[in-house]
1. Taking Ala176 and the conditions (1) closer than 22 Å to His255 by Cβ; (2) open to solvent by less than 10 Å² (accessible area, probe 1.4 Å); (3) of a type in the set (Gly, Ala, Ser), which numbered condition does it fall short on, given that it satisfies the others?
2. Please go through (1) part of a helix (DSSP H, G or I); (2) within 20 Å of Ala139 (Cβ to Cβ); (3) of a type outside the set (Lys, Arg); (4) in contact (Cβ under 8 Å) with a residue 24 or more places away in the chain for Ser72 and return the number of the only condition it doesn't satisfy.
3. If a residue counts only when it is in contact with a His (Cβ under 6 Å, 6 or more places away or on another chain), which strands (runs of 3 or more DSSP E) contained entirely in the range 83-189 have at least 1 such residues?
4. Could you tell me which numbered condition Gly93 fails, if it satisfies all but one of (1) open to solvent by 10 Å² or more (accessible area, probe 1.4 Å); (2) under 12 Å from the mean Cα position of the chain (by Cα); (3) not hydroxyl-bearing (Ser, Thr, Tyr)?
5. Quick check on the range 34-57. Is at least one of its residues outside any helix (DSSP H, G or I) and under 11 Å from the mean Cα position of the chain (by Cα)?
6. Name the residue that is least open to solvent (accessible area, probe 1.4 Å), counting only residues in the range 39-53 that are touching a residue at least 12 places away in the same chain (Cβ under 8 Å) and acidic (Asp, Glu).
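The values are calculated or read from the model by the stated rules, or taken from the named source; none is laboratory data. Computed from a predicted structure; not experimentally measured. Counting neighbours? That spans all protein chains shown, and the Cβs are built from the backbone with ideal geometry, glycine included. We work out accessible area using only protein heavy atoms, side chains counted, and drop any ligands, DNA or RNA first. Shrake-Rupley method; radii C 1.70, N 1.55, O 1.52, S 1.80 Å.
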Amino acid sequence: MKSFRLPLLGLALGATMSLNAKIVTKPVAYEHGGVKLEGLLAYDDAKVSPDKKAPGVLVVPEWWGLNDYAKSRAEQVAKLGYVAFAADMYGAGVVTTDPKKAQELSSQFYGKPLMAERAQAGLDQLLATGLVESGHVAAIGYCFGGSTVQELAYSGAPLAGIVSFHGGLHAAPAGAAARNKAKFLICHGAIDPFVTKEEVDAFLKSMNDGKFDYQFISYAGAVHAFTNPGADQIAAATGLPIAYNAAADKRSWGHMKTFFKEIFAK
């Protein structure tokens with residue numbers, strides 16, 4: 001019987017440690033361009049510490065602002081063992097459920113350097129935590145956030161990769177290929193009414209012309225916001241042509257996990 005005591009004790013201690021482990025979430029106040037911002041840091045304290053660093057992932061929200069959905073995605077990323085930082089693009093506490101207000105808030109970024117610059121401010125907060133492995137950093141974004149992480153990569157930010165979930169597609173501007181350091185994973189709804197065929201073609205042409213390392217995955221039957229379980233409710237309230245697609249959500253998350261294993265390989 002003695003030979004079983006140590007293994008059983010080890011199992012008991014392991015179970016206790018597992019029960020004590022938790023996802024730590026911390027609001028982080030920061031500033032960019034005179035705008036006071038508040039992001040959310042998330043990590044698993046059983047897997048990550050200043051002495052045990054992990055890859056970092058910036059999370060950029062939809063055009064609604066840093067709401068509960070975006071924060072929940074940061075927590076999901078943290079559960080995978082990464083250090084996640086959900087960026088604030090609009091200002092501390094600035095969120096909306098009104099499409100007109102969301103369009104107004106997001107329009108200040110499209111086609112302007114501010115989009116990448118504000119995202120970089122969030123990335124700087126992630127890197128300043130002291131928890132992130134050097135060179136192992138990615139950015140993911142949803143809808144507006146998907147567009148944002150593309151622009152962040154084009155700016156030359158120190159990213160190993162980006163993942164755009166149902167984001168607008170931004171063709172690489174002149175000089176971006178030389179600056180870019182990231183591999184791209186584009187998770188696109190095959191029948192997204194917000195992205196035209198011409199935009200898809202222009203984006204892919206820019207990727208090929210610039211010799212970017214990219215994957216473009218189109219999910220059958222998926223429209224805009226296909227990863228957001230609340231999309232159907234939003235559609236009913238606003239009339240927006242968006243919808244949740246459980247299959248595309250699951251598949252795209254799986255593709256992201258595989259992508260991370262590739263870009264974070266040591």
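1. Condition not satisfied by Ala176: (1).
2. Result: Ser72 passes all but (4).
3. Per the criteria, 183-189.
4. Unmet for Gly93, out of (1) open to solvent by 10 Å² or more (accessible area, probe 1.4 Å); (2) under 12 Å from the mean Cα position of the chain (by Cα); (3) not hydroxyl-bearing (Ser, Thr, Tyr): (2).
5. Yes - at least one qualifying residue is present in the range 34-57.
6. Narrowing the range 39-53 to residues touching a residue at least 12 places away in the same chain (Cβ under 8 Å): 39-50, 53.
So of that shortlist, the ones also acidic (Asp, Glu) come out as 44-45.
Values: Asp44: 20, Asp45: 61 Å².
Filtering the range 39-53 for residues that are touching a residue at least 12 places away in the same chain (Cβ under 8 Å) and acidic (Asp, Glu), the one least open to solvent (accessible area, probe 1.4 Å) comes out as Asp44.
Rundown of residues vs (1) touching a Cys at 6+ places or on another chain (Cβ under 9 Å); (2) open to solvent by less than 70 Å² (accessible area, probe 1.4 Å); (3) at pLDDT below 95, yes/no style:
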| site | (1), (2), (3) |
| --- | --- |
| Leu19 | no, no, yes |
| Leu37 | no, yes, no |
| Gly56 | no, yes, no |
| Pro61 | yes, yes, no |
| Tyr69 | no, yes, no |
| Val83 | no, yes, no |
| Asp88 | no, yes, no |
| Lys100 | no, no, no |
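Yes/no matrix, rows are residues, columns are (1) under 27 Å from Ala231 (Cα atoms); (2) of a type in the set (A, V, I, L, M):
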site: Lys101; (1), (2): yes, no
site: Leu105; (1), (2): yes, yes
site: Lys112; (1), (2): no, no
site: Ala121; (1), (2): no, yes
site: Asp124; (1), (2): no, no
site: Glu133; (1), (2): no, no
site: Ile140; (1), (2): yes, yes
site: Ala157; (1), (2): no, yes
site: Ile162; (1), (2): yes, yes
